[in-house]
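Trainee: Following this message is one structure expressed as structure tokens.
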Amino acid sequence: MGIESAYGDWCRSDRHSIYERFPTFNKWLDEKGEDAERWLDDVGLLKLGVPSKALFAGDYPAYRVALERYMDERRFQALGGSYFDNFWLSHNRSNYERLLDAIRARVAIPFVGAGASMNAGYSAWASHLLDQARLAGIPNAEARIAKGEFEEIVDEIMNDNKPVFIASIRRDFLKPPTSLDFHAALLKLFQNVVVTTNYDPCLELTYRQLDVSFSHLFAKEPDNQALIAATTNRRSMLLKIHGDIEAPSTCVLTKTQYEEAYGKYSIDFSLPIPRKLRRVYETMSLVFVGCSLLKDRTLEVFAKVMEERGPSDLPSHFAFVEAPPTEEGLVERNKFLLALGISPIFYPPGEHRFVREMIDMLTVEEGG
């Protein structure tokens, strides 16, 4: 069958939808990117203007072979193959494949932290608090924030000047985002419930930009039925654990508010927020994106559930995690997260772009 005839048959059928799943690969072929020119010359397609379509329509098996080679190399790079040794690369690859299985089974939902919002031009929560602590004249704030004393720092700032603090949050987290590309990539991959501790409106704006209908749920609301319905029926829902800066009364900020929301002396599962976190932790595979996963109340919830239930009764959870710079650090970080039922996919220190690359790879492979 000639290329023109094959191309016509492809367009008349719905095979073009398969082709459209791999825009990055097609662009790489068409722009004759690194190594593509030599490969196209070998198969006699170098002089064509749009070799990807010609190859797809005229020799689909060869297209698939080229695609697999390209994907293998891209996956190797996205999983840190140029940074990690074979042991940690194998660790990453295994957890990545398990995550891909969970996404394909539609049981994975993202848990979005402040790192995601930094892609939209917002400051990290720790940086914001440090600035506010400086304005309030709080000593040793940087060292205390590094130890995770966020709630205590907020209490002291609020005691110093609550109106100024609330106004500064609204100013910093209601400004227009510089880009929603990262959030759009996330929502295209995960088309179910999205959980976030962020106060900013990035996810809401992205849903609207993508013209996706979604429901909005604050974790303080006492009923779990809307959340159960959304996860069961795979509907788009945004669950904001700690509130929304557009509605300051919903926000959980201070130590007192955290104690009221989670329990004063230990996690209280009769309260709405721990109950909702427990629900998603026990029924879905959480995928932590842009989360520090250090000392915080949400991890205390997961630790208590793990203690009560044990790992064998719980879904697998995953996280994109910045690798510590040493082997000892990697070992300890891995142990800490596995104790919470979270399988980490590490990326090189400081190289946060790898998170987007892995999300893009998962998006391609999920439909492949």
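The values are calculated or read from the model by the stated rules, or taken from the named source; none is laboratory data. Quick caveat: nothing in here was measured; it's all calculated off a predicted structure. As a convention, Cβ positions derive from the backbone with ideal geometry for all residues, glycine included, and neighbour counts pool all protein chains shown. Each accessible area value is taken on the protein alone, full model and side chains, heavy atoms only, with ligands, DNA and RNA left out. Shrake-Rupley method; radii C 1.70, N 1.55, O 1.52, S 1.80 Å.
Trainee: Would you work out which of A339, T326, F354 lies farthest towards the positive end of the dipole of the stretch 315-368? Charges go on Cβ: Lys and Arg +1, Asp and Glu -1.
Mentor: The residue sitting most towards the positive pole is A339.
Trainee: On to the next question. Provide Rg and Dmax in Å for the stretch 72-158, with only Cα atoms included in the calculation.
Mentor: Spelled out, the Cα radius of gyration and Dmax of the stretch 72-158 are 19.2, 53 Å.
Trainee: Still on this model: Could you tell me the accessible area of S236 in Å² (1.4 Å probe, neighbours in place), rounded to the nearest ten?
Mentor: Only protein atoms counted, so the area is about 30 Å².
Trainee: Hey, in the GNM for the chain with a 10 angstrom Cα cutoff, which one of R353, R38, R235 fluctuates hardest?
Mentor: So, out of R353, R38, R235, the one fluctuating most is R38.
Trainee: Mind giving me the FRET efficiency for N159 and E282? R0 is 35 Å, r the Cβ-Cβ distance, nearest 0.05 is fine.
Mentor: Details: r = 37 Å, r/R0 = 1.07.
Once the sixth-power term is evaluated, E becomes 0.40.
Trainee: With r as the distance between the Cβ atoms of E73 and S127 and R0 = 45 Å, compute the FRET efficiency 1/(1 + (r/R0)^6) and round to 0.05. The partial results should precede the final answer.
Mentor: On the way: r = 36 Å, r/R0 = 0.80.
Calculated value: 0.80.
Trainee: Taking amide hydrogens as modeled 1.01 Å from N in the peptide plane, which residues meet the under 5 Å criterion relative to S215, leaving out close sequence neighbours?
Mentor: M237, L238
Trainee: While we're looking at this one, here's another question. Among DSSP beta bridges lying fully in the chain, give the percent that are antiparallel, nearest 5. Each step should come with its number before you reach the end.
Mentor: Values: 1 of 24 bridges.
So the antiparallel bridges in the chain amount to around 5 percent.
Trainee: Which of V50, V355, V154 moves the most in a Gaussian network model of the chain with Cα springs under 10 Å?
Mentor: V50
Trainee: Give me the 1.4 Å probe accessible area per residue for the chain, excluding ligands and nucleic acids, in Å².
Mentor: Working: 17680 Å² over 368 residues.
Ligands and nucleic acids excluded, the figure is 48 Å² per residue.
Trainee: Using DSSP H assignments, which helices in the chain have an axial alpha-carbon span of 15 Å or above and a mean Kyte-Doolittle hydropathy of -1.0 or higher?
Mentor: Values: long enough: 60-78 (26 Å, -1.02); 86-104 (26 Å, -0.92); 125-136 (16 Å, 0.03); 150-173 (22 Å, -0.20); 272-283 (17 Å, -1.13); 297-309 (18 Å, -0.42); 327-338 (16 Å, -0.37); 353-366 (20 Å, -0.03).
Result, helices passing both filters: 86-104, 125-136, 150-173, 297-309, 327-338, 353-366.
Trainee: Where in the stretch 156-177 does the amide nitrogen come within less than 18 Å of the point 7 Å from the Cα of E142, taken along Cα to Cβ?
Mentor: none
Trainee: Plugging the Kirkwood radius over Cα pairs into Stokes-Einstein for the stretch 122-221, at a temperature of 37 °C and a viscosity of 0.692 mPa s, what D comes out in µm²/s? Write down the numbers at each step before the final one.
Mentor: On the way: Rh = 15.5 Å.
For the chosen part, D equals 212 µm²/s.
Trainee: Using a 1.4 Å probe on the protein heavy atoms only, what accessible surface does H216 show? Give it in Å² to the nearest 10.
Mentor: Approximately 70 Å² for this residue.
Trainee: What size of dipole, in debye to the nearest 20, comes out for the chain about its Cα centre when the only charges are +1 on Lys and Arg C-beta atoms and -1 on Asp and Glu C-beta atoms? Please report the intermediate quantities before stating the final value.
Mentor: Numbers: 43 positive and 53 negative charges, 156 e Å.
Approximately 740 debye in magnitude.
Trainee: How many nm separate the modelled label positions at I18 and R353, each set 7 Å beyond the Cα in the direction of the Cβ?
Mentor: 3.3
Trainee: Can you flag which of K162/K276; K147/K220; K175/K264; K175/K240 are past 23 Å Cα-Cα?
Mentor: Over 23 Å Cα-Cα: K162/K276; K147/K220; K175/K264.
Trainee: Which of F182, G148, N161 sits closest to the plus end of the dipole of the stretch 79-200, meaning its Cα is farthest towards the positive end, when Lys and Arg get +1 and Asp and Glu get -1 on the C-beta?
Mentor: Value: F182.
Trainee: Based on the Cα atoms of the stretch 223-307, what semi-axes does the equivalent ellipsoid have, where each is the square root of 5 times one gyration tensor eigenvalue, given in whole Å with the largest first? Before the final figure, lay out the partial values.
Mentor: On the way: eigenvalues 80, 56, 37 Å².
In descending order, the three semi-axes are 20, 17, 14 Å.
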